[in-house]
1. On the given criteria, is residue 392 part of a helix (DSSP H, G or I), within 30 Å of residue 286 (Cβ to Cβ) and in contact with a Lys or Arg (Cβ under 7 Å, 6 or more places away or on another chain)?
2. Being within 18 Å of residue 266 (Cα to Cα) and of a type in the set (A, V, I, L, M, F, W, C) is the filter here; which residues of segment 233-251 pass it?
3. Kindly indicate whether residue 406 is closer than 25 Å to residue 305 by Cβ and either touching a Cys at 6+ places or on another chain (Cβ under 7 Å) or acidic (Asp, Glu) (or both).
4. Of all residues in segment 101-118, which are more than 16 Å from residue 137 (Cβ to Cβ), outside any helix (DSSP H, G or I) and open to solvent by less than 70 Å² (accessible area, probe 1.4 Å)?
5. From the residues in segment 165-202 that are assigned to a helix (DSSP H, G or I) and more than 25 Å from residue 134 (Cβ to Cβ), which one is most open to solvent (accessible area, probe 1.4 Å)?
6. Take the residues in segment 64-80 that are open to solvent by 50 Å² or more (accessible area, probe 1.4 Å) and in contact (Cβ under 8 Å) with a residue 24 or more places away in the chain; name whichever of them is farthest from the chain's Cα centre (by Cα).
7. Taking segment 275-296, which residues are within 14 Å of residue 253 (Cα to Cα) and among the β-branched types (Val, Ile, Thr)?
8. Can you report the number of residues in segment 313-345 which are of a type in the set (A, V, I, L, M, F, W, C) and in a strand (DSSP E or B)?
Amino acid sequence: MKRAGQKVVAGTEAPGTSQTSKKQKTSLCGSGFGESEPCTSMDWGSLPHHVILRVFQFLTLVDRARASSVCRRWNEVFHIPDLWRRFEFELSQPATSYLKSTHPDLIQQIIKRHADHLQYVSFKVDSSTESAEAACDILSQLVNCSIKTLGLISTAKPSFMNVSKAHFASALTVVFVNSKSLSSIKIDDTPLDDPSLKVLVANNSDTLKLLKMSSCPHVSPAGILCVADQCHGLKELALNYYILSDELLLALSSEKHVDLEHLRIDVVSENPGQVQFHTIKKQSWDALVKHSPKVNIVMYFFLYEDEFDAFFREETPVTHLYFGRAVSKAMLGRIGMNCPRLIELVVCANGLQPLDDELIQIAERCKNLTAMGLGECEVTCRGFIEFVKMCGGRLTQLSIMEEVLIPDSDYSLDRLHLEVSKHLGRMWFPDMMPTW
């Protein structure tokens, strides 16, 4: 007896299909090969907390706030403390700034619900006084904070300097007193003063490790000395040269103090001839290096040529030197003689006399030099090749504008890059001036 052929029609239900599978929602999902296959739709509200938290960490603040309105579960994750440990307030005036300002309602919500969660906080303000004052107003409300890192950043001119000293000091005092565990503070170009530093030290001396306070004209040498005397865990310090003193270096070299890792010094003059720079004694530098032998001493110079007389007359343990204005041949000669720890040298401008002898002396005496940058200077190709030959492969960074190099009877620019590449052990070309 022949068995009747069974015909299956596409789209009909196969025998044994359950009713529950009929009710299962399906949609078409791309498989990656141009095909479509069924997949169950996802209930986004049922995602585990840790998954939603991970998604939120990749979103901007605005997108994160919008995502929090998807459902109750997402809103709960939005307020998890882990999301609020690190936060940057952006404050600007819409009519005059390109910055996207943090919405005032969101700021109030953060202060109300998350002030005690904030640990790594920065304020980015535009050039307006109103934005700097708004930052101070927010700081004044952080009475329940436990901030570890605080940064005040002016994206244009130093707008915090336009805030009254009393308003600024009052705002900082709230944070300094309530945090108790500040480890890193960056408050360059602000009206910080000595009394504020004393409050900082009184409440955070055991935890402070980094203090950057360049261009704070109301701080005196006595004020920064108070920090060095009490904050024995300080590892990084950035300040202006006018408050650097022999007493400060000796305090940083005391037995109680940990090894200093970075000392950054800005040497700035806005009005030529009006500033008399003091000299730091060699014994004070020697004491610092003896106590902290691996310390990086970084100096940024923005002086006029006739203002360098106080520097590098004796051996100075500087490791990184940056000259933002013209520097004389005589000054570069003193660097070659008296900066044996030099690691990096950047010269933005010099006169029209070739620097061959000075560079060769630096290569000969500065055995740790690994980085060099030259801008508006002049060096003969022969002198430059001799400099590179003496330094050899230890020059890991070499940035020289093509206009700096003067062809001579021995080397053309085409031959120079081949010769330099041979001594460096890698391909090297001079930098080109942009044509725009």
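The values are calculated or read from the model by the stated rules, or taken from the named source; none is laboratory data. The structure displayed is predicted, hence computed values, not measured ones. When we count neighbours, we look across all protein chains shown, and the Cβ atoms used for this are built from the backbone with ideal geometry, even at glycine. All accessible areas refer to the heavy atoms of the entire protein, side chains included, with ligands and DNA or RNA removed. Shrake-Rupley method; radii C 1.70, N 1.55, O 1.52, S 1.80 Å.
1. Details: part of a helix (DSSP H, G or I): yes; within 30 Å of residue 286 (Cβ to Cβ): yes; in contact with a Lys or Arg (Cβ under 7 Å, 6 or more places away or on another chain): no.
The answer is no for residue 392.
2. Result: 237, 238, 239, 243, 244, 248, 249.
3. Numbers: closer than 25 Å to residue 305 by Cβ: yes; either touching a Cys at 6+ places or on another chain (Cβ under 7 Å) or acidic (Asp, Glu) (or both): yes.
Yes; evaluated as a whole, the condition is true for this residue.
4. 117
5. Among residues in segment 165-202 that are assigned to a helix (DSSP H, G or I) and more than 25 Å from residue 134 (Cβ to Cβ), the one most open to solvent (accessible area, probe 1.4 Å) is 198.
6. Among them, the one singled out is 72.
7. Residues satisfying the conditions are 289, 295.
8. The first filter runs over segment 313-345 and keeps only residues of a type in the set (A, V, I, L, M, F, W, C), leaving 318, 321, 323, 326-327, 330-332, 335, 337, 339, 342-343, 345.
Now narrow it down to the ones that are in a strand (DSSP E or B): 321, 323, 326, 345.
Going through segment 313-345 one residue at a time, the tally reaches 4.
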